[in-house]
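All of the numbers you see were taken from the coordinates with simple rules; none came from a lab. Bear in mind that the values here come from a model prediction, so they are computed numbers and not experimental data. Positions of Cβ are generated from backbone atoms using ideal geometry, with glycine treated the same way; all protein chains shown enter the neighbour counts.
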Amino acid sequence: MIEVAVFCSMAAVALVSAVLVVTLRNTVHCALFLGLSLAGVAGVFGTLAADFLFVSQILIYVGGIAVLMIFAVMLMGRTSDLTLRQVNQEWLAGLLVCAITAAGLLRQAKGFLGKAADAPARALAAQAATKPLGRLMLGDFAVPFELISLVLMAALLGAIFFTRKEDEPKSTENGKPGRGGGT
Amino acid sequence: MTLSHYVALGSILFIIGVFGALTRRSVIGILMSVELMFNAANINLAAFNRYLHPTGVTGQAFALFIMTVAAAEVVVGLALVLAIYRRRDKIYMEDINLMRG
């Protein structure tokens, strides 16, 4: 009973905030509701007994990515954005595509209607997932684990490369100083 | 709670993300919509793990990998958007849909 209540409330938080993320005009509000939606998804992980995912979701998404989005919005925002429309002209066609796809996906989801968690699975899933996850990461998944660290390294270097300041001679060569040139 | 509820939740969240990615004008809005889609996929992975293979944690490990890739993606994406904004002073998609300067 309490499981149903928690799932419904968390799903409602995630879905309503997600709709607000894609429809609101003020981008700062969008970023804040994105954090709320990600927190709702973390609650859904909680009802799935995925404790490590719950903590990682809070740490990485709510604490990292949502804050990064808010910073980006603040760095790139202008006051004129509040009066401009944030949705392009083809929103009706997009809505149609999404409605048809949603109908198909929900039809697929109906096929799993009889699949409830049985009692032994419930008892097993109540154990902490951290230890098996650690064993899996350094056992069967060792190669993907190392590859992911390489991807993170590349992303770090790429972010530094793209956001570094432009060189001074290069910006004066074009006749106009670079906007981020710091002059 | 059955598996169907979780799959339906993941589907609806994914569709909301697709709608946002199709219709938002600013690049940051599109990046946020992509994050919503990643989360929908993660819900599905965790739910399938819990209901179809409860003795293992492979689905959760996949969800962790997706989280890592999403973090890398959003960092590089925001860095690119910031670079474009510095050079061109534009963040709307219809202004930057050509790949040449």
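Here's the yes/no breakdown for (1) touching a Ser or Thr at 6+ places or on another chain (Cβ under 6 Å); (2) within 30 Å of residue A:116 (Cβ to Cβ); (3) surrounded by 15 or more Cβ atoms within 10 Å (Cβ to Cβ):
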| site | (1), (2), (3) |
| --- | --- |
| A:14 | yes, yes, yes |
| A:19 | no, yes, yes |
| A:46 | no, yes, yes |
| A:63 | no, no, no |
| A:73 | yes, no, yes |
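Checked against the criterion of being under 20 Å from the mean Cα position of the chain (by Cα), facing another protein chain (nearest Cβ under 10 Å) and closer than 17 Å to residue B:17 by Cβ, the candidates A:37, A:56 yield just one match: A:37.
For residue A:62, the criteria (1) at the interface with chain B (Cβ under 8 Å from one of its Cβ atoms); (2) closer than 22 Å to residue B:65 by Cβ hold in every case but one, which is (1).
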